[in-house]
Amino acid sequence: MLNLIKKGTFIPRLLVMAGFITMTLLVYKELDSQEKKVTPDTSKKNSDSIFFSRDIQPILTKNCAIKECHIAPKPAKKMDLSEGKAYMSMVNVTSREMPKLKIVAPGNLELSYLYDKLTGNHSEGDRMPAGKRALPKTQIELIKKWILAGAAGDSITALVKDSVDKRDSFQQKALESKKPEKKIE
């Protein structure tokens with residue numbers, strides 16, 4: 001250590017090291033503060049995000065997944081709108097009443113029969129929910145925004161879809177593995 005001080009290299013090295021540490025801390029502080037900043041675009045995106053399980057499913061559960069309507073054991077039009085089944089029963093599923101339309105066509109209101117049924121702008125069947133008052137305009141508008149935004153599922157709907165896909169895959173493999181039995185004559 002005395003050799004470093006005597007030769008005159010200790011102080012310059014110490015200053016370089018202190019400068020490096022200071023710069024590192026300043027850069028870290030700046031990056032950290034940028035992460036915490038919320039720009040108008042990101043705050044709007046977070047508040048405008050529509051989640052199927054949080055925003056859409058409760059509407060369906062209250063108004064559609066009720067006795068003698070869209071709920072098991074015999075859901076109307078074979079469309080079960082109960083929690084965990086509604087998303088897969090609607091999104092990209094062809095309508096039974098209007099085969100040229102999907103029940104929900106992500107991003108396309110004109111091809112989404114659900115929207116027509118909720119607003120009464122349809123040529124087949126009754127306005128939904130049948131026998132009840134029309135949904136409030138705010139709920140219909142929320143469903144409209146969800147469809148136009150791409151009718152995305154979320155983590156809950158993804159888990160359900162993944163488990164059904166795995167079940168269907170398993171069933172398909174089981175069917176393929178069964179070979180016809182040979183009759184012995």
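The values are calculated or read from the model by the stated rules, or taken from the named source; none is laboratory data. Since the structure is predicted, the reported quantities are computational estimates derived from the model, not experimental observations. With ideal geometry, Cβ positions are generated from the backbone for all residues, glycine too; neighbour counts draw on all protein chains shown.
At a glance:
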{"item": "Test: LEU4 is part of a helix (DSSP H, G or I), exposed (fewer than 11 other Cβ atoms within 10 Å of the Cβ) and either of a type in the set (S, T, N, Q) or modelled with pLDDT under 75 (or both)", "result": "no"}
{"item": "Unique match (being closer than 30 Å to MET90 by Cα, surrounded by 10 or more Cβ atoms within 10 Å (Cβ to Cβ) and at pLDDT below 85) among THR61, THR42", "result": "THR42"}
{"item": "Residue in the stretch 89-127 that is surrounded by the most Cβ atoms within 10 Å (Cβ to Cβ), counting only those that are closer than 20 Å to ALA149 by Cβ and among the acidic types (Asp, Glu)", "result": "ASP116"}
{"item": "Selection within the stretch 104-120 - at pLDDT 95 or above, touching a Ser or Thr at 6+ places or on another chain (Cβ under 7 Å) and not small (Gly, Ala, Ser)", "result": "VAL104"}
{"item": "One residue from LEU81, LEU118 being under 22 Å from the mean Cα position of the chain (by Cα), without any contact (Cβ under 8 Å) to a residue 40 or more places away in the chain and in a loop (DSSP other than H, G, I, E, B)", "result": "LEU81"}
{"item": "From the options LEU142, LEU135, residue that is hydrophobic (A, V, I, L, M, F, W, C), within 23 Å of LYS62 (Cα to Cα) and assigned to a helix (DSSP H, G or I)", "result": "LEU142"}
